[in-house]
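Report on one structure; see the data block that follows.
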Amino acid sequence: MRMTPFFPVRLALAVSVVAAGRAAAAFYGDPPDATHPWAIHDDNRPQPPRVEPGTPSSQEKPGIPPSDAVILFDGTEASLAKWIADKAPEEATKWVVKDGSFQCVPGAGYVRTREEMGDMQLHIEWSAPAKVEGSSQGRGNSGIFPMGLVEVQVLDNYNNPTYADGFAGSVYGVNPPMANALHAPGTWQVCDIVFRRPLFDGDKEIDPGSLTVFMNGVLVQQDTPLEGGGGHRGRSKPRAFPEKGPLKLQDHGNPVRYRNIWYRPLPKRAAEGGDTSHMSAEATARKKVEIAQSIREDAAKQTGKNQALRYLESLCYAADAGAMTAATSWINGWLAECKSLPVNALEERKGDVMQVNNAVNYLMKNSFLPAAYPARAELETLIKTRGWDKK
Ligand code: MG
């Protein structure tokens, strides 16, 4: 019985948020600042792009990739055209498509994608041979190389110890996985990777790059710095990567199989000009001018109160005498009109007056309007006279 009132309350809350729309979001959260081009809860911030999610894989069947994934191998012979031997000059790979999987043929050498990519979310499934042969690094060894420059180790470590930084799911030669979450050999291991390349400004490292890896849904690497990419025996040193490179898969002498390979390119980080929340002062200033411009273009298409509020809103991103004058001139004219209205007609404007007052207060509090903004006192007097400041 006590639960029954809960649902109507939740529903009412949801409806009020939707009904409030953009008017409630402007002049609401903390404004843009020197390193954040958007306000908190800013409706001017672009909506996230829609992606239709895919489905998970089962042992019997690979899942469906999300709608924006770039498919690198889908089980068909046709997708073999996306791969070539990792050799120069270019030649076809001797790896084979068998029973819907892409299989390493020992001695054929690495394969690489024709396509080149940089930062990405990569999904790839692998299966070590069901027939167990060899031990340590000799059992079911292959490798997944984003940009061809750093290896996420593929190895049959099911009841097969090896050096920790060469374990399945390791960033090879850099960092062991946090856990061994492998299925038995012969079954499919589902590997999800988030790769960020190192960023350099000349010789200066801005971001070491990172790998995050989930093995069968278990987190085994979290933002592991690349330290230059690792390798066999030698300790690698931080270094710049190019913008893009092919994905490579390793031939380490074992017939490891792959399936359901796809990736999604990732947006730029703030350090390389991306629009994430915390940006450099220069990038923030540029972005704020861009946002202000777009709001003013929208304001120009509107009229009356909505236009004035949009012009005022634009001042939160970049000062502009034209926008200030247009908004102030409308507010002054409208307030003069309000004062001449009979009480009944004025009551009908209460919502508008409170909305304009809220906007002016917000802008003054955050120093986007001058401390002596004449309309402020007029609004205050009007509100007090009508008793609108009391509940
Ligand atoms: Mg390997």
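Worth a mention:
- Unique residue being more than 9 Å from the ligand (Cβ to nearest atom), touching a Leu at 6+ places or on another chain (Cβ under 7 Å), in the same structural domain as G100 (by TED's automatic domain parsing) and part of a loop (DSSP other than H, G, I, E, B) when the list is G140, G173, G186, G169: G140
- Long-range neighbours under 6 Å by Cβ, at least six apart or interchain, first residue within 14 Å of G109 (Cβ to Cβ) within the range 241-252, second within 16 Å of the ligand (Cβ to nearest atom) and among the small types (G, A, S): P246/G148; K248/G148; Q250/S142; Q250/G143; D251/A108; D251/G109; H252/S142
- Residue in the range 175-196 that is surrounded by fewer than 16 Cβ atoms within 10 Å (Cβ to Cβ) and of a type in the set (K, R) present: no
- Cβ-Cβ under 6 Å pairs, at least 6 apart or on other chains, the range 66-95 side closer than 21 Å to W126 by Cβ, far side of a type in the set (G, A, S) and outside any loop (DSSP other than H, G, I, E, B): F73/S79; T93/A85
- Residues that are farther than 13 Å from D207 by Cβ and within 14 Å of the chain's Cα centre (by Cα) were ranked within the range 274-296; the one that is surrounded by the most Cβ atoms within 10 Å (Cβ to Cβ) is D275.
- Among the residues making up the range 91-126, those that are within 18 Å of I64 (Cα to Cα) and either small (G, A, S) or outside the structural domain of L80 (by TED's automatic domain parsing) (or both) are G100, S101.
- The range 64-89, residues that are surrounded by fewer than 17 Cβ atoms within 10 Å (Cβ to Cβ) and part of a helix (DSSP H, G or I): E77, A78, S79, L80, A81
- Among the residues of the range 143-158, the one identified as touching a His at 6+ places or on another chain (Cβ under 9 Å) and more than 13 Å from the ligand (Cβ to nearest atom) is Y158.
- Flag for R139 being out of contact with any Pro (no Cβ under 6 Å at 6 or more places or on another chain), modelled with pLDDT of 95 or more, more than 23 Å from P177 (Cα to Cα) and of a type in the set (D, E, K, R): no
The values are calculated or read from the model by the stated rules, or taken from the named source; none is laboratory data. Just so we're clear, the structure is a prediction, and the values are computed from it rather than from any experiment. A quick note on method: Cβ atoms are made from the backbone with ideal geometry, for glycine too, and the neighbour counts reach across all protein chains shown.
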